Amino acid sequence: MDEVRETAMAYYKSSSTDLKELGRGFFKNLDFDGDGKVSLHEFLGFMKEEGYAPMNNRYIFKELDGDGSDSLDFWEVLTLYYILKSGRPFCEGCGEFIKALYFTCTTCFDSGSNPFCLCSTCYGDGKFIHNHGQFMDNYALLEAKRKSSASSMCNGDDSNSVKVKALITITLKLYPTLHADFDVIHGILFSIALS
């Protein structure tokens, strides 16, 4: 959670006064009794009231409580605010909050429906049930989307074949040592691109 906390702090420190005020307001909304810290009771009450079901548990609270004080200070609540606003995912395999790199179903991502995300362990061990088979890690997906967007703008074409060809190219560049294992996936993606 340290990396997530550092990211939240970096955003806060570099944001405008108005955005900083939103962060302070969020903290005040959680601190029901105004004592300058957020208890587990306040945290769970807020999560339930606001409809954040996946976050409404003591394990997330413990993860956020970086100093082990059994309460959340401003920076720990700011980390929660970042998690909620940035849409950080929970693993569809094990249900755990994903703090680092994760894999996303590209079909679900492209369709605009709810994303299907997996932690590295569940993806690597195949511990999930899903009806699509094309996954990319969040960094590779971002790069593929960037390349796809640039290619579409240059060619005036945003068809699926351009997107899939960009995915193939980026994936092969990012993972050159996976050619033997990647041949099957490459064939599937290539056939999709041609259709």
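Key figures
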{"quantity": "Burial order of peptide ranges 110-116, 16-22 (average beta-carbon count within 10 Å, highest first)", "calculated": "110-116, 16-22"}
{"quantity": "Relative contact order (%) - criterion: Cα under 8 Å, at least six apart; region: the stretch 14-64", "calculated": "22 percent"}
{"quantity": "Entries of Lys62/Lys145; Lys62/Lys99; Lys13/Lys145 with Cα pairs more than 23 Å apart", "calculated": "Lys62/Lys145; Lys13/Lys145"}
{"quantity": "Under Karplus coefficients 6.51, -1.76 and 1.60, residue-wise ³J(HN,Hα) of the stretch 51-60 in Hz, glycine/proline x", "calculated": "x, 8, 3, x, 8, 7, 7, 5, 5, 5"}
{"quantity": "The stretch 1-59: chymotrypsin sites (Phe, Trp or Tyr not before Pro) falling in loop per DSSP and having at most 16 other Cβ within 10 Å", "calculated": "Phe32, Tyr52"}
{"quantity": "Rounded to whole Hz, the Karplus (6.51, -1.76, 1.60) HN-Hα couplings of the stretch 133-139, x for glycine and proline", "calculated": "x, 9, 10, 9, 6, 4, 6"}
{"quantity": "Contact order relative to length of the stretch 2-86, as percent, for alpha carbon pairs under 8 angstrom and 6 or more apart", "calculated": "36 percent"}
{"quantity": "Projected-area average for the stretch 2-86 over all orientations - Cα convex hull basis, square nanometres", "calculated": "5.2 nm²"}
{"quantity": "Calculated from backbone phi, Karplus (6.51, -1.76, 1.60) coupling profile of the stretch 18-27 in Hz, x at Gly/Pro", "calculated": "4, 5, 4, 5, 4, x, 5, x, 4, 4"}
{"quantity": "Gly93 long-range amide H proximity, modeled H, under 5 Å", "calculated": "Cys119"}
{"quantity": "Cα gyration tensor shape for the stretch 54-144, rounded if a/c is under 1.5, else prolate or oblate", "calculated": "prolate"}
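All of the numbers you see were taken from the coordinates with simple rules; none came from a lab. Computed from a prediction, not measured in an experiment: that's the story for all the values here. Cβ: placed from backbone, ideal geometry, glycine included. Neighbour counts: every protein chain shown.
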